[in-house]
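**Q** Would you mind keeping the following structure in view while I ask a few things?
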Amino acid sequence: MNNNYLDLIKTALSGITKDYFRLQTTYASSGIVRERLFCYELYHQMRKLDPNPDILIHGEIDKSGHKHFEDEDKKNPDFVFHVPGTFESNFLVVEVKGNLDLEGIEKDFRTIATFIESYQYKAGVFILYNHSLNELIRRAGHILKDFKKRQSAYILSMDRPFSECEVILFSNLNIE
């Protein structure tokens, strides 16, 4: 994968403030996790940094009416980096999670794998915020084992705003 995309995402993540990691409410002063809120801000940050006007970043493109996708593959990834109208220019599929919901994490990993294996996406990224990579491995290690062979899929995690973004290839995960 072109590391420029990975760097763009990492830089965009570093610009997201605490108000987007957890939304303070009248009933939860410590905040609640709202993935869509986080994704909207991530999209804004990525678009501000995007150096390539030929490759578009689109959020949650609905694949339900896509004629070339199998019915079971018609997912809506959080982001795709692509040139619309081609399969050859599908660069990156991105899924985002703000919690350690195992069912949701597994669904996101399967979406990334499917888009890479069946629809010519060159790479995939799973972004976890509000949690560290170690927390993900402890909680979802049994799920990660099934995806460890992925040579072109990355995990990025930030446990809090302005913290260092952890980055690892799925294939480099140390899972027993």
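**Q** Given the peptides 5-16, 130-141, arrange them by the average over their residues of other C-beta atoms within 10 Å, most packed first.
**A** Peptide ranking by packing, descending: 5-16, 130-141.
**Q** Sticking with this one: Charges at C-beta only: +1 for Lys and Arg, -1 for Asp and Glu. How large is the resulting dipole of the stretch 85-154 about its Cα centre, in Debye rounded to 20?
**A** Roughly 260 debye, rounded to the nearest 20.
**Q** Once every DSSP H run of n ≥ 4 in the chain is given -39500 (n - 2.57) and the sum is divided by its residues, what mean residue ellipticity at 222 nm do you get, rounded to the nearest 500 deg cm²/dmol?
**A** Counting only the DSSP helices, I get -10500 deg cm²/dmol.
Values in this text are rule-based calculations from the coordinates and carry no lab data. None of these values were measured; they are calculated from a predicted model. Using ideal geometry, Cβ is built from the backbone for each residue, glycine included, and neighbour counts are taken over all protein chains shown.
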